[in-house]
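In what follows, a structure is listed as structure tokens, so that the remarks can point back to it.
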Amino acid sequence: MAQPLVKKDDDRDDEVDYSPFMGIEKGAVLQEARVFNDPQLDPRRCSQVITKLLYLLNQGETFTKVEATEVFFAVTKLFQSKDIGLRRMVYVMIKELSPSADEVVIIVTSSLMKDMTSKTDMYRANAIRVLCRITDGTLLTQIERYLKQAIVDKNPVVASAALVSGIHLLQTNPEIVKRWSNEVQEAVQSRAALVQFHALGLLHQESHIPFSESFGIRQNDRLAVNKLVSSLTKGSVRSPLAQCLLIRYTSQVIRESANTQAGDRPFYDFLEGCLRHKAEMVIFEAARAITELNGVTSRELTPAITVLQLFLSSSKPVLRFAAVRTLNKVAMTHPMAVTNCNIDMESLISDQNRSIATLAITTLLKTGNESSVDRLMKQITNFMSDIADEFKIVVVEAIRSLCLKFPLKYRSLMNFLSNILREEGGFEYKKAIVDSIVILIRDIPEAKESGLLHLCEFIEDCEFTYLSSQILHFLGIEGPKTSDPSKYIRYIYNRVHLENATVRAAAVSTLAKFGAMVDTLKPRIFVLLRRCLFDNDDEVRDRATLYLNTLGGDGAVVQTGEDVKEFLFGSLDIPLVNLENSLKNYEPSEESFDINYVPKEIKTQPLAEKKAPGKKPTGFGAPPAASPSTVDAYERLLSSIPEFANFGKLFKSSAPVELTEAETEYAVNVVKHIFDGHVVFQYNCTNTIPEQLLENVTVVVDASEAEEFAEVVSKPLRSLPYDSPGQTFVAFEKPEGIPAVGKFSNMLRFIVKEVDPSTGEAEDYGVEDEYQLEELEVVAADYMLKVGVSNFRNAWESMGADCERVDEYGLGPRESLAEAVNAVIDLLGMQPCEASVVPNNSRSHTCLLSGVYIGNAKVLVRLQFGLDGPKDVAMKLAVRSEDEAVSDAIHEIVASG
Amino acid sequence: MELCPLIKNILLLDSEGKRIAVKYYSDDWPTNAAKEAFEKSVFTKTQKTNARTEAEITMFDDYIVVYKFVQDLHFFVTGGENENEIILAAVLQGFIDAVGLLLRGNVDKKEALENLDIILLCIDEIVDGGIILETDANVIAGKVASHSMDAGAPLSEQTITQALATAREHLTRSLLK
């Protein structure tokens, strides 16, 4: 990285850009570092060389291990010098090299320990910081005494150095740092502002780890913070930073104690008091903490909103940004509380800082009422031309939600979207717009025709193949259902002339869909499709041929058969990845490929969904496809075992359930494989004792609490050596097609043989032994496959209300709405569709689930949750399926769960 | 959950986006290439803004960046997306003012490179491993300046305060120019 500097100077002949590091080279500087070894040290010279070394490191230059060690050794020689400036550079250099090897550390340790007890404050402070950076546990116990002293040192710099080092060390050596709490307590009362801040930081983390993580005793924590807050709120907190930390500390305790305490919120008064602090960072921290309180009321919100509103008109961009960002978040849950700030927000649309302007606009879009939409759109139009794509995407998404909120305003919003669609923009931006239009078309029937025409116009001049083919696909679905399908044909057929092969193929499919769905158009479509037979791309020709042959009727006006429609355009109810894998595994043989054997289970990725709450369901609603590899692997494994061959098709495999605690002698988990008339338990066993070899491993299952199950096969594991997992299986018969449930207790039985660790050979003679495992349950959710649907609303409508079953349930007191929602989802074992993340603070929530119940029955569930009283959750459950019995069964699961 | 305010990095770049001095306190950027990529995008996103009278702020890739330009120097402080913006701004201002005091108001690239040791010490005194050590420019500059004095000489509070006051005056004047 030193090169660019050199190069730049070469480029420019004039010496304007003089740099003291011009032409610097690693090799030369390393040579220069030899001055560190001089018997007569020149502090100035040495400082300069260290600066050069630091410069190189800072520019991204790396030292080889040998070079680093050499420099390190040389630098340690500099401890002989008494020059303070040089010593200071030595400290920085050692931290920068951060030596790891123990033998290297020992060399400096003694010098640093000497500095740590020096009379010079600066030596003590810095030696502590360096030493704690490179130390390990054993060394730490040696210097602990000095560190404790340093924490209560008169000099604030020394005390802070020790405290901050303590915060770092807490990650690696918590047990040692916890022993300092007396000193830390004393430091909290320090008169030096920053010492108090650092002490508070350490105290908080220290006290927090044992209470909430190890024992879960919230009460103690609250008492502790109570004491802290009441002792510190009386004007003895000197630094705004410490005050901010205290606010964070307090709101954490509020969060954790909210469940146990009814009535007035503890510590709210403290937070509100901080709104009148003189430091802006404290005011803001408190305001933000209040807005983030769980289930915050509008009365609690008001004072916080008021101070944030003042920040909106501050001359400092940082304050405006902080305030508008916080209000933007509040607007998601409490739009009404933010409306007071609307006038200030509107003036921020013209803010120089585009981040602030974008946040202001999206906040306004969330809080705006129906009458202000038009005015707002006018302002945004001017604004859109001068912001970057990333901001535009945010605005587009906000407009989409606005339109869904005020469907009557679709005309102006749709116009806005189509206008920006015509302007310049990158792929992500265009995709966001197209996705939004698609969603509006789906959800607002009146918007359909104009929306489709906007999309048609867009593909006339669209540079993105992906978007063109997606839009064509969408047109094929929605176009035939409109009042005048023929007007779209021109746009579609134009693609066949003007685009690349991918788009042409998509256009052919879309044409065929029109032909299949609209009988009157069929003759004309046939003419167009026949022309496509002369395309120079294989795929395009193949598609045209396929459609011409299957649609039949020789181009006359006849009705297309339902089975043909289903074959050509029916939705594939199998995840594509699964199909792909099954096709890859298929070996050409006498037996033809059977699509019915492709697993339908989708491994869900709930984490990914939660992590990106900003990502709303995309317009083309691809179901979350995920790795089917485990499903596949199970299927292959089971089918390789002859005893299970006649069980039929595997319906579902559960996630592994641990049957042992972590770090026990034998680790066992179980996977439940559900077949139509059988259940197979696959026990995955690992032997964690190097001195043992297990043989003839079986699991003895007691099914006395699972009456409908009868054991048929038990397949032992012949041998289980150390650290190489193996499986044993137990299969049960159960009534066919019935979702039988039950509890099973398990005992691991085996013959154990001693192994000589040096030779690895086992003794000939073994002893029979048993090992108790935890119980295992087969529950209703095991009979439910998580299968998503791309558009829940459509699926729900098309399922019809014939077999709908609706009932209401009281779930009793729950920790939170989100907790109740998740409990029901887990109980049912179904796939949550769109909008299933429960926003904080909401009082009600609707949750849409889909799945496939045993017997291949599609099930859709609409759950409506509401808070009934302070904590009681009530739920309305509506189930739709193709079979009343299945709908009833789902209610049964909930009623008995 | 980490409650202590945390700094992800402190950057000092020149007017072309090249490094003068940078310090990272987070593993979010494990390699030099990742660091350079971050600096490049920070620089390009901010270079056209006018961050001279007041510190400016932006958010991208889940980071909050506060920044301010002085002459041909670009100062940045980065925090996580949930960090208190005003705390980050306080760190930035402390850094800039301390550099101003130490360079006696001559804050530009040439001076910064010629006194790189001072800049590095300054950063070292502001943040330790992501935790804020000090934000008061006078204290920071005082700690850095004390290092150039003799070990034996006791620190006279009076003289250093006077020296700093003069330097501050210089700084204010150069800012008002």
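Rule-based calculations on the coordinates, nothing more; no lab input. Bear in mind that the values here come from a model prediction, so they are computed numbers and not experimental data. Every residue, glycine among them, receives a Cβ derived from its backbone with ideal geometry; neighbour counts consider all protein chains shown.
A few remarks follow.
- Note that the protein assembly as shown, at 25 °C in a medium of 0.890 mPa s, gets a Stokes-Einstein diffusion coefficient of 71 µm²/s from its Kirkwood radius over C-alpha pairs.
- Nonlocal amide H pairs with A:VAL237, under 5 Å, H built at 1.01 Å: none
- Computed magnitude of the charge dipole of the range A:610-781 (debye, nearest 20; Cβ of K, R +1, Cβ of D, E -1): 1540 debye
- GluC sites (Glu not before Pro) lying in DSSP loop within the range A:330-392, provided at most 15 other Cβ fall within 10 Å: none
- Near A:GLU711, the amide H atoms lying under 5 Å from its own belong to A:GLU733; only residues 5 or more places off or on other chains count, and H is placed 1.01 Å from N.
- Peptide A:314-327 has a mean of 5 when you count, residue by residue, the C-beta atoms of other protein chains within 10 Å of its C-beta.
- FRET efficiency for A:ILE738 and A:THR550, using Cβ-Cβ distance with R0 set to 30 Å, rounded to 0.05: 0.15
- Note on B:78-91: average number of Cβ atoms from other chains within 10 Å of each residue's Cβ is 5.
- Each Lys and Arg contributes +1 and each Asp and Glu -1, all at the Cβ; summed about the Cα centre of the protein assembly as shown, the dipole is approximately 4740 debye.
- Rounded D (µm²/s) - the range A:26-119, Kirkwood Rh over Cα pairs, Stokes-Einstein at 10 °C, 1.306 mPa s: 118 µm²/s
- Inter-label distance, nm, simple model (7 Å from Cα along the C-beta direction), B:LYS48/A:SER347: 2.6 nm
- Once the Cβ-Cβ distance of A:PHE593 and A:ALA885 is raised to the sixth power relative to R0 = 45 Å, the FRET efficiency obtained is 0.85.
- Potential extension, A:THR759-A:ASN684 segment - 0.36 nm per residue separation minus Cα distance: 24.3 nm
- Degrees between helix A:538-551 axis and first principal axis of chain A (Cα, 0 to 90, nearest 10): 40 degrees
- Annotation: amide H of A:GLN692 within the under-5 Å range of A:VAL755, sequence separation 5 or more or interchain, hydrogens built in the peptide plane.
- Folded to 0 to 90 degrees: helix A:43-58 orientation relative to chain A principal axis, Cα: 0 degrees
- Under the Karplus curve 6.51 cos²θ - 1.76 cosθ + 1.60, θ = phi - 60°, whole-Hz ³J(HN,Hα) for the range A:299-316, x wherever Gly or Pro sits: 5, 5, 5, 3, x, 5, 4, 4, 5, 5, 4, 4, 4, 4, 9, 5, 7, 8
- With at most 11 neighbouring Cβ atoms within 10 Å, loop trypsin sites (Lys or Arg not before Pro) (DSSP) excluded, longest segment of chain A: A:279-614
- In the range A:497-553, chymotrypsin sites (Phe, Trp or Tyr not before Pro) in a DSSP loop with at most 16 other beta-carbon atoms within 10 Å: A:PHE534
- Karplus-derived 3J(HN,Hα), 6.51/-1.76/1.60, for each residue of the range A:67-81, Hz, glycine and proline x: 4, 4, 5, 4, 4, 4, 4, 4, 5, 4, 4, 6, 5, 5, 6
- Crossing angle, helix A:817-828 versus chain A [Cα axis fit, 0-90 degrees, rounded to tens]: 50 degrees
- Karplus (6.51, -1.76, 1.60) ³J(HN,Hα), θ = phi - 60°, over the range A:332-344, in Hz, Gly and Pro reported as x: 5, 9, 10, x, 5, 5, 8, 4, 4, 8, 4, 5, 5
- Partner shielding of B:125-134 amounts to 6, given as the average count of beta-carbon atoms from other chains within 10 Å of each residue beta-carbon.
- Length gained on full extension, A:ASN494 to A:SER639, computed as 0.36 nm times the residue gap minus the Cα-Cα distance: 47.1 nm.
- Whether the range A:787-896 is rounded, prolate or oblate, judged on the alpha carbon gyration tensor where a/c under 1.5 counts as rounded: prolate
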